[in-house]
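J.: Once you've had a glance at the structure underneath, I'll fire off some questions.
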Amino acid sequence: MLKAERHKYIMTKLIEDQKVITADLALDLDLSEDTIRRDLNDLDDKNLLKKVYGGAIQTVEKPSDVFDIVITAEEEKRKIVSKALSLLHDGQVIIMSGGSTNLVFAKLIPSELKATIYTYSLPIAMQLSQHPNIDLIFIGGKMQKNAMVTIGMDVIQVLSKIKADICFIGASSINVKQGLTEVGYEVSIVKKAMIDSSDKVVSMFSSNKLNTKMPHIVCDINQLDTIVTDLDPEDSSLEEYRKLGVSIL
C-alpha cells in the first residue's frame, strides 16, 4: 500500500472514531507498528492529527473567540450524559473534571437544581456561571492551556479539603486490567485527588474508549461506582465491568 493510501485510511478512521490506535492500524493494514508510527508522525507534522502515546487523536481548529468552545460529536455526548441526570439532586456537593463530555453535562444540568459544584475546568466554570441556582467554586492553579484545566499542587490541596457527595470524571481510556488511565501525568494526579475526596465516583465516556489504555493510571475499576456510555447497559462488552461491581447506565 502506498503512503498516500495509508494516510487516507488513517484519516478516515480518525474521523470515524475520533482517535486511532497504532497497534490496531498495524493489524488492519498488515504493517509494522514502526511504519504506522512514522505515518502518524508525518500527519502530525502536517497538523492533520495529534500524535499521543499509543496512537493519535483529532486536532480541533481553535475558534477565533476563546469562549466559543468547539465540542466534537455533541449530540452523541448529549445522549450519554442525559442518562446521568438522574444522579443529581438538591443539596449535593459535586466535583467535575474537565473534558467535552462533562462540558455537555454541565449544559444539561436542570436550572432548578440547587447544588455546590467545584471544578478546575475553565470551560465548565464558564458554563456553570450562567446557572441560576449553582454555587460555583472554580479551583485555581497552573493552567494547562490545551485542555483549559488547572493542575498542580494548588488544585490537589483544595481537592483534599473537599467532602463531596459525587464526582463526575472524564475518561481518556478505560479497561478492566489497568482501570481508568490518562495521557498526562499531572491530570491523572488531579483526578486521583478528586476521587479520594468523593463518596461516589461516576465516569462518563463514549464506548470507543472501552478496552484502551494510556500511560498514567488514575484508578482501578473497582474505585468507580458508575460508568455511563452510549451503549445499552446490558451490552456484552460491559459484562466484565459489571462483574467488578460497577453500576452501568
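J.: Can you name every residue in segment 201-224 that is charged (D, E, K, R) and in contact (Cβ under 8 Å) with a residue 40 or more places away in the chain?
T.: 213, 220
J.: Also, quick follow-up: Based on this model, can you work out whether residue 81 counts as touching a Phe, Trp or Tyr at 6+ places or on another chain (Cβ under 6 Å), assigned to a helix (DSSP H, G or I) and crowded, with 19+ Cβ neighbours inside 10 Å?
T.: Judged against the criteria, residue 81 is a match.
J.: Moving on. Picking from 92, 18, which residue would you name as being at pLDDT 90 or above and of a type outside the set (Val, Ile, Thr)?
T.: 92
J.: Continuing with this model, one more query. From 182, 240, grab the single residue that is farther than 28 Å from residue 90 by Cβ, crowded, with 20+ Cβ neighbours inside 10 Å and in contact with a helix residue (DSSP H, G or I) (Cβ under 9 Å, 6 or more places away or on another chain).
T.: 182
J.: Sticking with this structure for a sec: If I filter segment 21-70 down to residues being acidic (Asp, Glu) and outside any helix (DSSP H, G or I), which single residue comes out as modelled with the highest pLDDT?
T.: Selected residue: 30.
J.: Kindly list, by first and then second residue, each pair from a residue in segment 112-133 that is of a type in the set (Asp, Glu) to a residue that is in a loop (DSSP other than H, G, I, E, B), limited to pairs with Cβ atoms under 9 Å and residues at least 6 apart or on different chains.
T.: 112/90; 112/132; 112/133
J.: Which strands (runs of 3 or more DSSP E) does segment 111-190 wholly contain that include 2 or more residues that are hydrophobic (A, V, I, L, M, F, W, C)?
T.: 115-119, 134-138, 149-151, 164-170
J.: Taking the conditions exactly as written (in a helix (DSSP H, G or I), among the aliphatic types (A, V, I, L, M), more than 26 Å from residue 208 (Cβ to Cβ) and under 17 Å from the mean Cα position of the chain (by Cα)), does residue 106 satisfy them or not?
T.: Criteria not met by residue 106.
J.: Suppose we filter segment 2-20 for residues that are at negative phi and either touching a residue at least 24 places away in the same chain (Cβ under 8 Å) or assigned to a loop (DSSP other than H, G, I, E, B) (or both); how many remain?
T.: Count: 11.
J.: For residue 88, indicate whether it is over 14 Å from the mean Cα position of the chain (by Cα), surrounded by 13 or more Cβ atoms within 10 Å (Cβ to Cβ) and among the hydrophobic types (A, V, I, L, M, F, W, C).
T.: When the stated conditions are applied, residue 88 passes them.
J.: Separate question: Suppose we keep only residues that are of a type in the set (A, V, I, L, M, F, W, C) and out of contact with any strand residue (DSSP E or B) (no Cβ under 8 Å at 6 or more places or on another chain) within segment 71-83. Which one would you say is modelled with the lowest pLDDT?
T.: My answer is 71.
J.: Filter segment 119-146 for residues that are touching a Gly at 6+ places or on another chain (Cβ under 6 Å) and surrounded by 20 or more Cβ atoms within 10 Å (Cβ to Cβ) and give the result.
T.: Selection gives 121 alone.
The rows are residues; the columns are (1) touching a strand residue (DSSP E or B) at 6+ places or on another chain (Cβ under 9 Å); (2) at pLDDT 90 or above.
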position	(1), (2)
188	yes, yes
206	no, no
227	yes, yes
230	no, yes
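J.: For residue 154, indicate whether it is among the acidic types (Asp, Glu), modelled with pLDDT of 90 or more, touching an Asp or Glu at 6+ places or on another chain (Cβ under 7 Å) and on the phi < 0 side of the Ramachandran plot.
T.: No: the conditions fail for residue 154.
J.: Another question, if that's okay. What number of residues in segment 193-249 are in a helix (DSSP H, G or I), under 17 Å from the mean Cα position of the chain (by Cα) and more than 23 Å from residue 161 (Cα to Cα)?
T.: So the answer is 4.
The values are calculated or read from the model by the stated rules, or taken from the named source; none is laboratory data. Values in this document were obtained by computation on a predicted structure and should not be read as measured data. Neighbour counts are summed over all protein chains in view; Cβ atoms, including those assigned to glycine, are modelled from backbone coordinates with ideal geometry.
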